[in-house]
Amino acid sequence: MADRDHSDSDHPGHDHPGRDRPDGGGRERAGWEWLEAEAAGSRAAIAGGNDPAPSFARCFAGPDGGRVLAVLRTMTLDRALGPDAPDATLRHLEGQRQLVATILALVARGRAG
C-alpha cells in the first residue's frame with residue numbers, strides 16, 4: 001500500500017495534534033500551542049478550587065471503588081500484547097493506559113488531600 005497524505009476530508013472529525021487548531025477566538029494556533037493553553041487552563045482551574053481529584057477519590061473510595069480500579073489496572077496497565085499486535089491495537093491500548101493512569105493519579109492526589 002502506497003503512503004499518501006491524508007487530508008482532513010479523509011477523516012472528518014479527527015483532530016491532529018500537530019496541526020493548527022482554533023482557539024475559540026477565530027485565530028488558529030500552530031503546532032502544540034493549543035495543548036499548552038489547555039494545560040494552563042487546567043492548572044488555573046485547580047488553583048481556583050475546581051480540582052477534580054477529591055471527587056475522584058470519593059468516587060473510588062470503599063471496596064467497590066477499589067475493585068473497579070483493580071479491574072481497570074488489570075485490563076490496561078498489566079496487559080501485554082504480543083509482537084504480532086497491529087499498530088492500531090497498540091495505539092488503542094496505550095490510550096486506555098493513559099486514561100487509567102490519569103484516573104489513578106487523580107484518585108491518589110485526592111486521597112492525599
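Restricted to the range 61-89, and to residues there that are under 17 Å from residue 109 (Cβ atoms) and over 17 Å from the mean Cα position of the chain (by Cα), the residue that is surrounded by the most Cβ atoms within 10 Å (Cβ to Cβ) is 65. Only one of the numbered conditions (1) at pLDDT 95 or above; (2) within 18 Å of the chain's Cα centre (by Cα); (3) outside any loop (DSSP other than H, G, I, E, B) is violated by residue 58, and that is (2). Would a scan of the range 27-37 turn up a residue that is under 17 Å from residue 102 (Cα atoms) and either surrounded by 11 or more Cβ atoms within 10 Å (Cβ to Cβ) or modelled with pLDDT of 65 or more (or both)? Looking for residues that are under 17 Å from residue 102 (Cα atoms) and either surrounded by 11 or more Cβ atoms within 10 Å (Cβ to Cβ) or modelled with pLDDT of 65 or more (or both), one finds at least one in the range 27-37, hence yes.
The values are calculated or read from the model by the stated rules, or taken from the named source; none is laboratory data. Quick caveat, the model's predicted, so the values are computed rather than measured. We place every Cβ from the backbone using ideal geometry, glycine too, and count neighbours over all the protein chains shown.
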